[in-house]
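Student: So that we are looking at the same thing, I have put the structure below in structure tokens.
The values are calculated or read from the model by the stated rules, or taken from the named source; none is laboratory data. What you see is a predicted model, and the numbers here were worked out from it, not measured in a lab. For neighbour counting, all protein chains shown are included, and Cβ atoms are generated from backbone atoms with ideal geometry for every residue, glycine included. We work out accessible area using only protein heavy atoms, side chains counted, and drop any ligands, DNA or RNA first. Shrake-Rupley method; radii C 1.70, N 1.55, O 1.52, S 1.80 Å.
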Amino acid sequence: MSSGGSGAGSGKRWPVGILAALLASAILVVGLFAVQAYALRLAERHLASVASPPLPIKYETLTFQRAAFAVSGELPIYGSSELFCCGQPDLPTEFFANAPTGFKPFAVGRAGTGDLMFLEEFGALGNALRRHRVVVSVSPEWFYGKAGITAGYNGNFSPEVASVFIYDAPLPLALREAAAQQMLAHPSTLKGQSLLNLGVRALASGDLPLYYALLPVGRLDAWAQQVKDAWQTIAYIDGPGRAGGPAGAGGPGGSSAGGKVVRIASAQPASSQVRVATEGIGVGAASTVIGALRGLIDRIGNALLSEAAAAGAPGGSAPAAAPASATPASGPRSVPPSALGSGSKVVASGAASPSGAGPVSGSAFGSASGSVFGSVSGPVSGSASPSPSGSPGGVSRAPSSTPAAAGAGRVTRLAIQPVGAPLSARPLLASLTRQAGAPPAGAPINWRAKLVAATRLENTLAGSDPFGCWMNGPSLRLLEPALRLYCAGTSNAAGGVYPFPGKWASTMRGSAEWTALGLELQALHDLGANALVWTIPFQGYYDNYTQLSRAARQVYYNRFLQVAAPSGLPAVTFEQAGQDRLFIANVGNHFSARGWVVADQVLNLFWHGQTAAIPGTIAAMTHQVPSPPPVRPLACPGPNTGGVTHAGTGAAG
């Protein structure tokens, strides 16, 4: 009897223990989902605090990005250093800070980001993009190497984003397989990420049985990383010290240092701060649970990876990494001589735009009549920039001469003296152009006045630099070959001085970055995003005095439109505006303040559903407010004596 009673009692206790464990697990899971929901709401309230700076917590995690798509009136813009450099006070996050036309931009990215990273982020965000507007800003330098910007991708890689993309992105399997093949070109990013490594290799090789076997634990791992992301976001915004405390070590708005999240000083007063509702349950305890869960998952992944390697499965030996591009992520651009080759000097440059991509060259921009930007009537001349007012001195092309003849056998230092202002003075000069800060909400924008002010600022910064680069110090040496050609009164715009850079064009056309761009735009289409893609233009006015003639640059623009066309998304090249002397701030493909005013109007038109008016508006703005000649003439060397003659002239090309 006692034996039976003991057995019965024991039988009653086991179900209670199991139920208690299940209940505790359910409470934990619900609590973690609540943490994610709370982090998202908190991020939505603090978007303005993080909209402008290139903070790692914005592009390496997903909570702030999800918040930007969830909040009405936010326009996420994905790009590189151009979103943060060189265009003050007209960077979009500054220009539209008060939502004067109904929206505020939210900048995502940093120097070195690129299309593969954005593809992973868009896939990880998934249905959050559906019917929401988003802009992608592409830089030509991403395509100068066959491997794209490998160093930038490796440095900005996010295991969380990649894991969610591989295991949980609502994208067609074929697209994810193609993306996984691109990810394998960067094997160093997969080290230490056993489950992600195995999933990427299984997808890339088409080993679907292995992939689907990994899928449950892969999704669990991706979710655990997103919960960790949520905790980091809460700590970043409103952790110990909270609002009113010092900003993060990375400057205004905080940053991330040494892989640890540094919180942001909240934009709201301390009295109105929303406290961390989950403090009562203990951040440390929850972090320990998440860490233990991820540790278990990693052990499972390592075991599977070891077995796959022993069996010769896709998770085995890693393919050789593609060579990293030598092109810097930002800064002055110069085409290495080894990349130019001899090539042919004859290339067709008048190819029509692919269907659906929108007009971008020649008379396709149209011209404006009247003073209202965006009202377009009649064709415009195919010339790149009006010589009488747009080129220095308005002087027509001088008889052609070779660079050797221009230097008369001497290597002459062509210093621009003085350059308008050092880069450190730019914030002060920019502040002088702000009449009352960013346009107030609901106030009409005088686009012409904004463009005039930005043009005046850029011309002041450029000083005697005929290319509008406002460069000084050692950087000026990069301009010397172009300056010699400029002072000789000729240009290579038509390709008559230098041979066509065939090797450069071939390398650029074959870059793996094009595949990533195509997949990225197809993902945006498949996710139902209302997207616009543009490319920063070449600094065409400067390039007319280099090996990159108009025909060479046209190869890039044509390829960009060709890759964008299948997605059906609107694509903008700013090609003709790039011929403008002050449109690009330097030779590293960054919009100047003048360039950003035009690009800001493009964003405004896109937001209000007027995409068809974009090409004509770009042409109208740059035509009605042309770039003036330099504020001071350039000191060119004398033709025979080595003396100096002052000239504000040169062949505009």
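Student: Working out 0.36 nm times the residue gap between residue 506 and residue 212, then minus their Cα-Cα distance, what length gain in nm do you get to one decimal? Walk me through the numbers before you get to the answer.
Tutor: Numbers: separation 294, 0.36 × 294 = 105.84 nm, distance 3.93 nm.
Answer, rounded to one decimal: 101.9 nm.
Student: Next question, about the same structure. So what is Rg over Rh here for the stretch 108-237, counting just Cα atoms and using Kirkwood for Rh?
Tutor: On the way: Rg = 14.8 Å, Rh = 15.4 Å.
Ratio of gyration radius to Kirkwood radius: 0.96.
Student: Local charge sum around residue 136 (other residues, Cβ-Cβ under 9 Å, Lys/Arg +1, Asp/Glu -1)? It would help to have the intermediate numbers written out before the result.
Tutor: Working: positive: none; negative: 115, 520.
That works out to -2.
Student: Report in % the part of the accessible area of the stretch 101-215 that belongs to carbon and sulfur, leaving out ligands and nucleic acids; probe 1.4 Å. Mind showing how you got there, number by number?
Tutor: On the way: 1630 of 3170 Å².
Whole-percent figure for carbon plus sulfur exposure: 51.
Student: Hey, can you find the accessible area per residue of the stretch 532-572 for me, probe 1.4 Å, expressed in square angstrom?
Tutor: Heavy-atom accessible area per residue stands at 18 Å².
Student: Okay, moving on. Quick one: which of 601-611, 573-583 comes out on top by average Cβ neighbours within 10 Å, and what's the full order, highest first? Don't skip to the end; give the middle numbers.
Tutor: Details: 601-611: 19.0, 573-583: 27.7.
Ranking the peptides 601-611, 573-583 by packing returns 573-583, 601-611.
Student: Another question about this same structure. Please compute, over every Cα-Cα pair in the stretch 478-578, the percentage with a separation greater than 22 angstrom.
Tutor: So the pairs more than 22 Å apart make up 40 percent of the total in the stretch 478-578.
Student: Further question: Under unit Cβ charges (Lys, Arg +1; Asp, Glu -1), what dipole magnitude, rounded to 20 debye, does the stretch 489-596 have relative to its Cα centre?
Tutor: Details: 7 positive and 6 negative charges, 67 e Å.
In total the dipole reaches around 320 debye.
Student: Step through the table entries 104/191; 58/503; 191/228; 191/503, compare each Cα-Cα distance with 28 Å, and write down the pairs that go over it.
Tutor: The pairs that break the limit, which is 28 Å between Cα atoms, are 104/191; 58/503; 191/503.
Student: Please check which bits of the stretch 594-621 a label hung off residue 98 would reach, taking the label as a point 7 Å along Cα-to-C-beta and the cut-off as backbone N under 19 Å.
Tutor: Under cut-off, by backbone N: 597, 600-601, 604.
Student: All other residues with a Cβ under 12 Å from the Cβ of residue 75 taken together, and with Lys, Arg as +1 and Asp, Glu as -1, what is their net charge?
Tutor: Taking every Cβ under 12 Å from that of residue 75, the sum is 0.
Student: Okay, moving on. Would you mind computing, in nm to one decimal, how far apart the modelled labels at residue 460 and residue 219 are, each placed 7 Å from Cα along Cα→Cβ?
Tutor: It is 5.9 nm.
Student: Per residue, how much accessible area does the stretch 577-620 have with a 1.4 Å probe, in Å²? Intermediate values should be presented prior to the final figure.
Tutor: Working: 630 Å² over 44 residues.
Using a 1.4 Å probe on heavy atoms only, each residue of the stretch 577-620 averages 14 Å².
Student: For the stretch 13-115, build the convex hull from the C-alpha positions and give me its volume per residue in Å³.
Tutor: 115
Student: Residues in the stretch 71-104, backbone N under 19 Å from the label point at residue 443 (7 Å along the Cα-to-beta-carbon vector): list them, ranges by number please.
Tutor: 88-104
Student: As an exercise, use a Förster radius of 22 Å and the Cβ-Cβ distance of residue 480 and residue 635 to find the FRET efficiency, rounded to the nearest 0.05.
Tutor: It comes to 0.95.
Student: Listed highest first by mean packing, meaning other Cβ atoms within 10 Å per residue, what order do 120-130, 201-211 come in?
Tutor: Working: 120-130: 22.1, 201-211: 19.4.
Packing order, densest peptide first, comes out as 120-130, 201-211.
Student: Calculate the spin-label point distance for residue 16 paired with residue 34, positioning each point 7 Å from the Cα along the beta-carbon direction, and give it in nanometres.
Tutor: Simple spin-label model gives 2.6 nm for this pair.
Student: Mean shadow of the stretch 177-216, computed from the convex hull of its alpha carbons, in nm²?
Tutor: Dividing the Cα hull surface by four gives the mean projection, 2.6 nm².
Student: How many percent of the accessible area of the stretch 571-623 is carbon or sulfur, using a 1.4 Å probe? Could you put the intermediate results ahead of the total?
Tutor: Values: 420 of 830 Å².
Answer for the stretch 571-623: carbon and sulfur cover 50 percent of the accessible area.
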